[in-house]
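A.B. asks: Dropping the structure in here first, questions after.
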Amino acid sequence: MQAIAEIAKLTFSDAIRNKIFYGVFAFFILLFITAAALASVTMGRTELMILDLGLGSISILGNLMAIVITIQALQQERESRTLYVLVTRLEQRWKYIIGKFIGLAAVLALQIILMCALLGLCIALFGEVYWQSYIQACFATILEIWLVIGIALLFAQSSSLFLAILLTLAIDIAGRFTFTIRQLGEQSDNPILQSLTQAMYYILPNLEAVNLRNQAGYIAQYDWSQLAQILGYSISEIILLLCVCSLIFQRKNLA
Amino acid sequence: MNPLIDVQHINLSIPTGHVLQKRKTILHDISFQVKQGTSTAYLGTNGAGKTSTFRILCGLMKPDSGQLVFDGKVMPHGLPPKRFGFMPEQPYFYKNLTPQELLTGLSRLSGMDNKQINKRIQYWAEKLHFSKVLKQRLSTCSKGQVQRVGLAQALIHQPDFILLDEPLSGLDPIGRACVRDVIHDEIKRGATLLFSSHILDDAEAICDQVIILKAGQTVFSGDIQSLLSSDDTWMIKALWDKQPADIHQHGEIKQMIDGNYYIQASSIHSRDAIIQNILNTEGATLISVEAEKKTLEHAFVDLLQMDKGEETYASHR
């Protein structure tokens, strides 16, 4: 456990000082000010408009951050040979993957929390929303980002930075349309296509299943059973992804 | 003395293509031993397979065949983490961390307790002259300073076996002397060292054993003295108006800026023939005859018999 904690700590300390982290945060503030300015001159409930725009931005920026920071961290660690001095100190290589995930998950959770807190503050300036559902949606966004880190960790083990980003992005996008993919297959008469879409439905992580942004602020709160379902799904999917990552990493020649 | 490390018949091939995945063999039946308490230089030209061997020892790569024995035990996954320290070639680590943070984290990973860590970091920072940058981000440290931090992380947990990949590259002469002293101290402590280097003068000063690789094969493994004591060469200094006949058949002739001629003889027979030739030639004067002890660089080049190497060999004289 100490080895995992140390790798997580080193990862967190390095990633929290990454310039991208502050760049994205600055971009979010700029985006938010623009949205607030636009919302104030439009008809309707300004606070709900800011909430929709803000949560959407947090999700997009969070996803991009998760992909870039995770893949960059692993690739740079390999290029700088830090990976070698870490792995040679470990009895089992899987501890590196788990430590890396925890460190990156903590950094990105902190970023999402900060952005959500800032968004909440601004919404409060314009009016009132249902805060409980807002907080629940923020929590679900963190789970979504953690899932994306898991996917990025899987592809970050490829030797090409570009390929790793491209594949993660592809799975991230496809993961939002798993229901649509299955429905398309069901409508088809081709049994091969049906099997293929069915397989994709089960293999691809369902990122839309952890999306609670649509009704956040509009309803008092989400059903606890729905939240438990989301939590259970996310955790099991993350564990599965980390197991696959660890298996690949365990067998990989680190040349 | 029992070997601490026994590398037995290691073969390694790596994929070279992206699509067809052709494989290239980079280590052919490598076998060598490293005795306890010795300092061994692992030498070879670029691409000879030094770094790949080190990665196999560390468990970063798996060989196609062969085995690694450490302290009498077969190690299928590389050396035991707690008992060895590894410094990779030209590390630059986490740019956003300070040497203090990096060394603290790595020491904890090596199982050191918190009480020891700070004391050891201070000790190594002073010994390797990076105290001033201990709390400065690694991105702002010089290449030499990062190199010394890299050495400190390999030694901080007092390992039995130290594996250093090019520990002297990127260091100024003072830095190199400092690293040499540290290595000597570690040997005195009882540690066993295996290191690779292209700076053969330093390697000669540090090591007592040598392993030389050529294109993935071991061409020499043994005591450095046995490598250097064989085939001493002679340098004959002479002056003439007309070159003695047939002298060029016995050695390489060079005229230096002082106007004298230097003839290099690589055997006693050649030496005597050259001297005889000079003495028998009218107008030729024999100035001096000096025996030259082989350096590691000469021995290395001779052993590898490279055209490029021969130029270096000649120019060094």
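A.B. asks: Taking the simple approach of a point 7 Å from Cα along Cα-to-Cβ for both B:Glu126 and B:Lys35, what is their distance in nm?
C.D. replies: 3.5
A.B. asks: Okay, next question. Measure nothing but the geometry: give the 0 to 90° angle between the long axis through the Cα atoms of A:19-40 and the longest principal axis through the Cα atoms of chain A, rounded to 10°.
C.D. replies: 20
A.B. asks: Rounded to the nearest angstrom and ordered from largest down, what semi-axes does the equivalent ellipsoid of the protein assembly as shown get from its C-alpha gyration tensor (root of 5λ)?
C.D. replies: Details: eigenvalues 791, 128, 106 Å².
Largest first, the protein assembly as shown gives 63, 25, 23 Å.
A.B. asks: Right, another one. Who wins for biggest fluctuation among B:Met61, B:Met87, B:Met256 in a Gaussian network model of chain B, springs between alpha carbons below 10 Å?
C.D. replies: In the Gaussian network model the winner is B:Met256.
A.B. asks: With θ set to phi - 60° and the Karplus curve 6.51 cos²θ - 1.76 cosθ + 1.60, what are the ³J(HN,Hα) couplings of the range A:195-206 in order, to the nearest whole Hz, using x for Gly and Pro?
C.D. replies: For the range A:195-206, the Karplus-derived couplings read 5, 5, 5, 5, 4, 4, 4, 7, 7, 5, x, 8 Hz, x marking Gly and Pro.
A.B. asks: Here's a follow-up. Give me the percent relative contact order of the range A:159-255, please, defined on Cα pairs under 8 angstrom at least 6 residues apart. Each step should come with its number before you reach the end.
C.D. replies: Working: 40 pairs, mean separation 22.1, N = 97.
The normalised contact order for the range A:159-255 reaches 23 percent.
A.B. asks: Relative contact order, percent, of chain A when contacts are C-alpha pairs under 8 Å separated by at least 6 residues? Before the final figure, lay out the partial values.
C.D. replies: Details: 285 pairs, mean separation 66.7, N = 255.
After rounding, I find 26 percent.
A.B. asks: Could I ask something else about it? Given 20 °C and 1.002 mPa s, how large is the Stokes-Einstein diffusion coefficient of the range A:129-198 in µm²/s, with Rh as the Kirkwood radius over Cα pairs?
C.D. replies: After rounding, the answer is 148 µm²/s.
A.B. asks: If you don't mind, there's one more thing I want to ask. Can you tell me the alpha carbon radius of gyration of chain B divided by the globular rule-of-thumb value 2.2 N^0.38 Å?
C.D. replies: Normalised Cα radius of gyration, chain B: 1.22.
A.B. asks: Here is a follow-up. Kindly point out, ordered by number, any Cys in chain A whose beta-carbon has no other cysteine beta-carbon under 4.7 Å away.
C.D. replies: A:Cys122, A:Cys243, A:Cys245
A.B. asks: If every alpha-carbon in the range A:45-98 counts as one equal scatterer, what log10 I(q)/I(0) does Debye give at q = 0.18 1/Å?
C.D. replies: -0.69
A.B. asks: Here's something else I'd like to know. Using alpha carbons only, how many degrees (0 to 90, rounded to 10) separate the axis of helix A:224-251 from the longest principal axis of chain A?
C.D. replies: 20
A.B. asks: Determine the calculated [θ] at 222 nm for the protein assembly as shown from helices alone, applying -39500 (n - 2.57) to every DSSP H run no shorter than 4 residues and normalising by the residue count; nearest 500 deg cm²/dmol.
C.D. replies: Computed mean residue ellipticity for the protein assembly as shown: -17500 deg cm²/dmol.
A.B. asks: Could you work out, for the range B:1-94, what percent of all Cα-Cα pairs fall into each 10 Å distance bin, beginning at 0 Å and stopping at the bin that holds the largest distance?
C.D. replies: Histogramming the range B:1-94 at 10 Å steps yields 14, 45, 31, 8, 1 percent.
A.B. asks: Please compute the alpha carbon radius of gyration of chain A, then divide it by the globular-protein estimate 2.2 N^0.38 Å. Two decimals is fine. List each step's numbers first, then the result.
C.D. replies: Numbers: Rg = 19.6 Å, N = 255, 2.2 N^0.38 = 18.1 Å.
In units of the globular-protein estimate, chain A measures up at 1.09.
A.B. asks: So how far apart, in nm, are the two label points at B:Met256 and B:Lys294 if each is 7 Å from Cα heading toward Cβ?
C.D. replies: Placing both labels 7 Å along Cα→Cβ, they lie 2.3 nm apart.
A.B. asks: In degrees between 0 and 90, to the nearest 10, how far off the longest principal axis of chain B does helix B:173-189 point, with axes built from Cα atoms?
C.D. replies: 70
Here, each number is a calculation from the coordinates, and none is a lab measurement. It should be emphasised that the depicted structure is a prediction, and the values quoted were computed from it without experimental measurement. Cβ coordinates were reconstructed from backbone atoms using ideal geometry, including for glycine residues, and neighbour counts include every protein chain displayed.
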